[in-house]
Structures are given as C-alpha cells and as structure tokens.
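The values are calculated or read from the model by the stated rules, or taken from the named source; none is laboratory data. Remember, it's a predicted structure, so these values are computed and weren't measured experimentally. Cβ coordinates were reconstructed from backbone atoms using ideal geometry, including for glycine residues, and neighbour counts include every protein chain displayed.
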C-alpha cells in the first residue's frame, strides 16, 4: 500500500489530472502539505466497475437477511484513508459524499485511531452506561471539552442522544413541555392532565403542533416524519399529525444576482408562516415550535438568506413559538463556520439547535428555559454514548489544530468557482451552482441525467450523492483540500463532457 | 486492587454474608468457579453514603450543562468488574439493575476488552458507515454470527437500529407499509397517495393505528410514546395518536396458585382486545399491528400466561393485524431462554420482534413479508453501528461458552426461592414475588417504602431498580451466579429487617 500513498506529491497528482483529458478547463493543484501526504492516497484508482464482483457476492449474502435495495457497494474501511473510500474490489474513490455527510475528518484519521488504542479509553467502549442515571466520572469534563466548547450563541446546555431522529424527537418534546408550562403559567399538571395523558387524550396529550417547511427533512421516526416533506418515499403509508407546513423560499442562483426577486419570494413565505400560525391557533392546534434547516439538504440544497432566518426568528418570538434549528447535516463545519446559523450573524439565533452525523453523537443544545422541569421527561436508557463523546472531543481538537474551518472556506471557494466555470461550459446540463463552504450543490437538467452522472462519476473514482429531484450535493469531509477539489472537478468535467 | 479480588473465594464470601446479621434466613454459597474468581470482586464494599462527596461535586458540575434530576451517582467504569459497579467515591456495589437492564455479561468482561484491543477491529469503531448504503465487508458475516444466530422462530431477517425507540418506530412503519399494501392488493401507491402523504394527509398518511396495552412501555419518541402507558411523566404534554389501548391482565401471584382466576382475567382482556379492534375499524382507524411485551417491565413486571399470548397471537391473525413482540428488556437471556417469548412454546410466535439494551444494538427481526417493498422506506443515516455488532457477536460467544442461559435459570430459581422465603418472613412488607429466570420482581407495601428500601439497599452495597408504582425489579447481568444471589438476599434481608 505504501507505494500508492502520495509520496511524489504534485507530480503524480498533476499526471493523474492530465491523464483524463476532456476538453475545457483543467484544474491544477498546489502541493499537499507534508503531514497530509504521508497519510493519504494520491488519487482515485479504479479496478472494476462498481459494484464489483465481490460487492455483488456480498450483496447476495446480505440480501438473505436484509433489504439491500439501497446498498451501493461494500467497503474496506481498514484501507480507507482521509478522503478516499476503498471498496472490497480494490477500487479507491475520492469521497465527496462521506456516508451521507457523516464523516468529519476523513477515514481512519490517525488521531482517532489513537483514541481507540489508548487503554484508558477502553472502558468507555465496553461499558456503555445509562448516562441519565449513572454517568462516568469524566462525563462533565468530556461534555465541556466536546459539545459545550462549540455551543451555539446563547446556549450553555446540551443533551446527547443516539441519532438525529431521536435528537429531534426529544427536542420536540422539550418544546411541547415548555409551551404547555407557559400556557399553564406554572409547571404543575392537573389531575385531568395526568389521567388523560395515559390514554393519549387531551389535555394531557395536547393538540399542539410543530410548523415545518415543504422540502424540509428532519428524520424518519413518527414525530420527525410529520415535519419531513422532502420525498414521498419517506412518508408514504405512515400515519401522521395534522401540523402546518409552510412554503420554503424557492430562490434563484447565484443569490447575489437575484436579490430583489429572492427577497420578494422570502417575504411571501414569511407571510404564509404567520398566516399558518394564526390558522392553527384558531383550529385549536397551536404551533409550539418552528423547525427549519439553515440549508434544506435532503430536500435539494435549498438556500434562504440570513435576512429570511432573522425575520423568521422574530416571527417565532412574536407568536410565542419555540425556534428549532436543525443542524444535523449543516453543522460541524461544512459551511466554513462551525454552525451554519452563524452565517445569520445573530446573538440569539435559536432556542434549540439539534445535531448528529459529523458530530458522531446525536443531541441538541437548548436555552436554559427549554430544560425539562422534572427528571425522566427527556430520558431514555442510553441518552447517547460516551464513547462517541471521546471521539468527538478529538475531532474538535483536530478541527482546531489543523484550522479546518479555514480550509473548508478555501476549498469551498475553489469548489464553487469550479462549478460556476463548469456551469458556463455546460449551460444545458448544469444550473444553479450554489453553496457555502464546501456545502455546495448544482442542479442537473433532469433526474435521469443526474442519476446517470452519479454512476459515471463513481466509475471514474468520485463518489457523489444526489438530493432533491435533480441536484447533486457535495458533502466532503472537512479535510477536503483545494487539490482534492481539483481532482474532483477534473473528473466531473470528464463526465459532463460525455453528455455534450 | 488485586487484594480486593475474590482470591480467597468462599471463605471471604461467607464471612461477608455473616457479617450482616439480621434475623431470618441466611443464604450460604458454594464456591465460585476459578475463572470467575480471578476476575471479580468478593463482595460489596461501601466507604461513603451514596452519592458520596465526589459524586455530588460532579453532579454540580454537570448541572450547569444538563438536567441532573435523575442522576444517581457517578461511576468509575474502569474499576467496575463483572457484577460490581464501582462509584467515584470508591464504593463498590453488587449491581442488580445493570444500567436499566442493559449490561449483558457484566462490566469490563475480558472477552469484550479483547475485542477492543484487537487492532483488526479498530476501523469499525473509528469509521462508522452509513450501513444502509455502504456496509463493511464483514457485515453479512457478523450479522449471521450475531443477530441471525439467535433469530426468533420463523424469522430470518433483522434490521439494526441505534436504540430501542428507533427500533420500535421502524417496526411500526414496517407494519403500516405491510398493512397498506395488503389493503391495496399491490404495492403501487396512487398519485393521490403520493401527493397527500407529502402534506401529512390521508390516504398517503393513512389513519391506521397500533393497539397497545395499559401498563406497556415501548419507548419515548412520538410513535412509540403513543403505545407507552406505564407512567404519566413519560407522556405528559406530548401530542399523541388516537390509538386503542387494551387492559393488560392483572394476575395474582404465584401464578400456579391462582390459575382459574387468572385465566378469567386473561379472557376478559382478550375479549376487550377483539372489541377494540372492531371498534377502531369502525372508527376508520384500523389496527395495523398489536405491540406487547412478554413481561411488562417498566410498567411493573406484569406477567401473563403463555396461553394468553398464544390466544392474542391468534386474535392478531384472525383480524389481519401484525403481531409485534417488544423484547427490548426481556430479550437476550434474562428469562433463562434467549427470548422471553420462547416460553410460549410457539413455532410462529410473532411477525416482528424488537430488541435493544443487552443486545448492545437496537433493531428488529421480522418475517419476510414485513420487509419494506422498496429501498429507503426503512432507512436512516447510520442504521445501527457495526462496532456494536462486533461486541454483540462476542457477547453471544460468551453466553454459549459459559452456558449462561443455564446459569440464569439456576440463579433465577435461587432468587425467586429466596424472595418467596423473605415474603413469608415479611408478609406485611413484601408480596407477589414473581419471575422467570433472573427476570424477577416483588411488590413492596407502598411507593414510599419501596423508594426507601432502594436507597437503604444501595447504602449497604446492592443496586436495585424500581418499576411500576411499588415494585422492585431485579435485572442482573447474565453472569449473576447463585452466590451473587445469596449476597443480594442477605443484604435485602438486613434491609427489610429495619422495617419490621
């Protein structure tokens, strides 16, 4: 394997870049820094079509035990490093999708391997506690070092959970509890509350709602799913709640060229939000909280302006609704700031911020007043997993030590610039290139072409993911450097050339 | 620490047993086997009240970041071994609650430590994949070795999930999808289905229901919570679904003494189940599935007979409802069989069996026809965690190698026998001792006394948990031997003596 590592640096990389030679712009790279070089591969390397024969064989085996309809291929994670995912047939791909945006600092990062090989950490992996009742000694310290060290503005409290859906479900519960206590004027439930809640009836189980946005994605458990409106396949056949759904702005890109039209579209959506809040109050299902992603990811990488979010935040305030920002996909640095909502420039951006994916643990931050008033109201057996906090603490160390947020901003600029160039070169194929940091996307002329491009790019050694009806979303790890951007752009250029 | 290990075996253990000397029966132990001896402590050892000063200090720190109302104390998991949990003040307690029943083979089991220190396994802990799209090479093999090697009768398919709630939520979705396809007669949703589901409306989000039982506990996310009816604190202020709730039999113990009355009570409940199924169908909210625990755990360790479950299974069949057995707490050996439903002696016990806790990973088994017809319907980013499968595979090896199910049956008999004796000795304090394997419980005369007994037992070095209004539930690990039972019974006897 040593021979395949990037030992000859730029020379090889350029050689690789030039080997694929579709017409159009070529992107050339600066040398990679020494530390990166030792660790990572020098580029993609494809040996079979994907999925290859070994992947197909394993899919057949797994098919006897599970639905394998969504399996892309099987991976050799031991050999995967940095930005490169290696499959079981020996194909090595530049990963610009990173396990649905959930690998923060690349595969097999040496710092994370050290966490694992440190004997002091073994107990955290083997003795998983019920965190809500019997936390380990270092839990407050690790929480302060990890989650609390990156608290969103105005929040000094965090609750860990196992995954993104559980995080949002429990955040909803926190908002409902907060809202009902506010309605009551105190936190002593009546006898009727207690009796009726046991049989799922009001007032104990109140007719409250969460307002969400068309195109939003907030998870797939039944509470979350009632606020998810990205694709029918997620929701079909599952009973739901009669909760209000507002339109999310449909903006034109690049945003700076369409400021006036976009502002009008955003104003239209905000007006609708206020109307819905009033309507649902009149229907007897008041809106306890509003949930929104800073960038609708699964729904198609739909952006809105900081001004939109500031006004929405004010509407929530005005109507006494909690404001929940779902940063499960946008959080942990991908936009060049740690949280995407930091781009709004607000001191009081939200009441609740939920996270998961690249944070390695699920959970949510909340303002003090959203802490449940009694124990066991926001509770479950595990309440997260301290072994994930250990890994997260190290991820945050690496982000700081290697200035990864700056890297993301730099790589993101190169990526978006490259997408603009390709869009100019292939105007019938690409449109609406957009993004913040490396959290970028581009629209393809139709769904079938999008899907075919994803497969062709994979066969040339670049892993990408789709979102929405016909978008490609770019979700590299935070260690995706400018020279990785160039490798990607050159392959992408070659793929696009086949459609001209 | 070596000096505190059980090196002098029985002598010390008996000495400890005799040191506490309340009147009444004394339980004496056989020697522990050699392998056990090397590894574990010889008994509880208490140095401070619990929580001690260090725990209190840490609770204050954590209180700045989280609700700490449910925290018992802080733990030193590095020093915890086998059946003994060590806290941060140096107190060593015999753990008969095991992190809400979620530690299968005791703390820091040497076999699990080996899994962690094996360099071949590091990647699984560091590179967490999106299992539904990019599983690791060994995933089919590890699934076969772990989950599939203990499949419930009639089931050869298993889906992993992150926790118990996610498992039940996704099991519900599987039942809804199955039911709707059955209603349609095919699996092609209409345009109206697709359009309406995006806005949470019927028929795309159909008015289907899950029938659950009063006293049942199936998790705390919003779908699960609609089937949970054990305590108001779980449900209060959270919107819910109008789903049918049947009475769970209230039996008299010991079961063999009240067979006729209990059979009548069970018949009454079953009749009510059928009535509810008919009523909800007439209301336009047909019952797609029935969910039940083999023993209602959180709700108070409520038992029902195998005959009850067999008849309930038949009712589900007769009315075309799916039958979902929730083994999150009862599964993985605690009843002396791997699954509690095995005590029913049925070849076709269920359509879905969900698990978590001692299984270390959440998930559910299902019959072939409950596999979703299309990819991405039962899906999320992580879909479990392969590092947990590695640990589970080793747990199952240990269970087999050390014949732990036999041990559980043996210890369980000693435990129940001891509870019967104590119940005879303290008839005004204890009642309704009951259990299968070590999955035992006893009722205390009232809630306040129960809570006070839990604290006194802890101060004497035995950790117990409550359930229901006034029960104590025993949830030791599978490595809880007869001599641990005796240590427990002697301490319990001493505690009870204080109330006479």
Review point. When you go through (1) in a helix (DSSP H, G or I); (2) at pLDDT 95 or above; (3) surrounded by 15 or more Cβ atoms within 10 Å (Cβ to Cβ) one by one for residue B:17, which number turns out not to apply?
Key: (2)
Review point. Looking at A:462, A:442, A:436, which is the one that is buried (at least 20 other Cβ atoms within 10 Å of the Cβ) and more than 24 Å from residue A:70 (Cβ to Cβ)?
Key: A:436
Review point. Can you name the condition, by its number, that residue B:444 falls short on among (1) farther than 26 Å from residue B:398 by Cα; (2) out of contact with any strand residue (DSSP E or B) (no Cβ under 6 Å at 6 or more places or on another chain); (3) touching a residue at least 40 places away in the same chain (Cβ under 8 Å)?
Key: (3)
Review point. Scanning for something touching a residue at least 12 places away in the same chain (Cβ under 8 Å) and within 14 Å of another protein chain (Cβ to nearest Cβ), does the range B:401-416 turn up at least one residue?
Key: no
Point to revise | Residue check for residue B:447: within 14 Å of chain A (Cβ to nearest Cβ) and surrounded by fewer than 18 Cβ atoms within 10 Å (Cβ to Cβ) | key: no
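Residues are listed down the side, and each one gets a yes or a no for (1) at positive phi; (2) surrounded by fewer than 24 Cβ atoms within 10 Å (Cβ to Cβ); (3) assigned by the TED database to the domain that holds residue B:483:
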{"residue": "B:71", "(1), (2), (3)": "no, yes, yes"}
{"residue": "B:87", "(1), (2), (3)": "no, no, yes"}
{"residue": "B:90", "(1), (2), (3)": "yes, yes, yes"}
{"residue": "B:95", "(1), (2), (3)": "no, no, yes"}
{"residue": "B:147", "(1), (2), (3)": "no, no, no"}
{"residue": "B:157", "(1), (2), (3)": "no, yes, no"}
{"residue": "B:171", "(1), (2), (3)": "no, no, no"}
{"residue": "B:182", "(1), (2), (3)": "no, yes, no"}
{"residue": "B:187", "(1), (2), (3)": "no, yes, no"}
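Under the condition of being facing chain B (nearest Cβ under 7 Å) and surrounded by 22 or more Cβ atoms within 10 Å (Cβ to Cβ), which residue from the range A:224-233 is farthest from residue B:207 (Cα to Cα)?
Filtering the range A:224-233 for residues facing chain B (nearest Cβ under 7 Å) gives A:226, A:229, A:232-233.
Filter once more, so that each one left must be surrounded by 22 or more Cβ atoms within 10 Å (Cβ to Cβ): A:226, A:229.
Numbers: A:226: 14, A:229: 18 Å.
Per the criteria, the residue is A:229.
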Practice item. Could you grab me the full set of residues in the range B:157-192 that are touching a residue at least 40 places away in the same chain (Cβ under 8 Å), part of a loop (DSSP other than H, G, I, E, B) and either within 23 Å of residue B:320 (Cβ to Cβ) or over 22 Å from the mean Cα position of the chain (by Cα) (or both)? Key: B:187
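Among the residues of the range B:224-238, which ones are more than 15 Å from residue A:189 (Cβ to Cβ) and part of a loop (DSSP other than H, G, I, E, B)? Working first, answer last.
Restricting attention to the range B:224-238, the residues satisfying the condition of being more than 15 Å from residue A:189 (Cβ to Cβ) are B:224-230.
B:226, B:227, B:228, B:229, B:230, listed by residue number.
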Review point. If we only count helices (runs of 4 or more DSSP H) wholly inside the range B:59-136, which ones have 2 or more residues that are more than 7 Å from every other protein chain (Cβ to nearest Cβ)?
Key: B:98-101, B:110-117
Exercise for review: Would you point out the residue of the range B:284-324, among those that are without any contact (Cβ under 8 Å) to a residue 40 or more places away in the chain and in contact with a strand residue (DSSP E or B) (Cβ under 9 Å, 6 or more places away or on another chain), that is surrounded by the fewest Cβ atoms within 10 Å (Cβ to Cβ)?
Suggested key: B:317
Check your understanding: Which residues, taken from the range A:358-409, are more than 21 Å from residue B:63 (Cβ to Cβ) and touching a strand residue (DSSP E or B) at 6+ places or on another chain (Cβ under 6 Å)?
Key -> A:362
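Can residue A:405 be described as touching a helix residue (DSSP H, G or I) at 6+ places or on another chain (Cβ under 6 Å) and either in a helix (DSSP H, G or I) or closer than 19 Å to residue A:257 by Cβ (or both)? Let's see the steps before the verdict.
Working: touching a helix residue (DSSP H, G or I) at 6+ places or on another chain (Cβ under 6 Å): no; either in a helix (DSSP H, G or I) or closer than 19 Å to residue A:257 by Cβ (or both): yes.
When the stated conditions are applied, residue A:405 does not pass them.
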Review point. So is residue B:428 modelled with pLDDT of 95 or more, within 22 Å of residue B:217 (Cα to Cα) and surrounded by fewer than 22 Cβ atoms within 10 Å (Cβ to Cβ) or not?
Key: no
Check your understanding: For the range B:193-223, what are the residues that are outside any loop (DSSP other than H, G, I, E, B), within 15 Å of residue B:172 (Cβ to Cβ) and facing chain A (nearest Cβ under 8 Å)?
Key -> B:209, B:222, B:223
Check your understanding: Of all residues in the range A:239-249, which are in contact with a strand residue (DSSP E or B) (Cβ under 9 Å, 6 or more places away or on another chain), free of Cβ contacts under 8 Å to residues at least 40 places away in the same chain, in a loop (DSSP other than H, G, I, E, B) and within 7 Å of chain B (Cβ to nearest Cβ)?
Key -> A:239, A:241
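Of all residues in the range B:197-209, which are surrounded by 20 or more Cβ atoms within 10 Å (Cβ to Cβ) and free of Cβ contacts under 8 Å to residues at least 12 places away in the same chain? If you could, list the steps in order and put the result at the bottom.
Within the range B:197-209, the first condition is being surrounded by 20 or more Cβ atoms within 10 Å (Cβ to Cβ), and the residues that meet it are B:197-198, B:200, B:204-206, B:208-209.
B:197, B:198, B:200, B:205, listed by residue number.
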**Study point:** Any chance residue B:374 is more than 16 Å from the chain's Cα centre (by Cα), more than 10 Å from chain A (Cβ to nearest Cβ) and surrounded by fewer than 20 Cβ atoms within 10 Å (Cβ to Cβ)
**Key:** no
Exercise for review: Check off (1) part of a loop (DSSP other than H, G, I, E, B); (2) under 21 Å from the mean Cα position of the chain (by Cα) for residue B:285 and give me the number that stays unchecked.
Suggested key: (2)
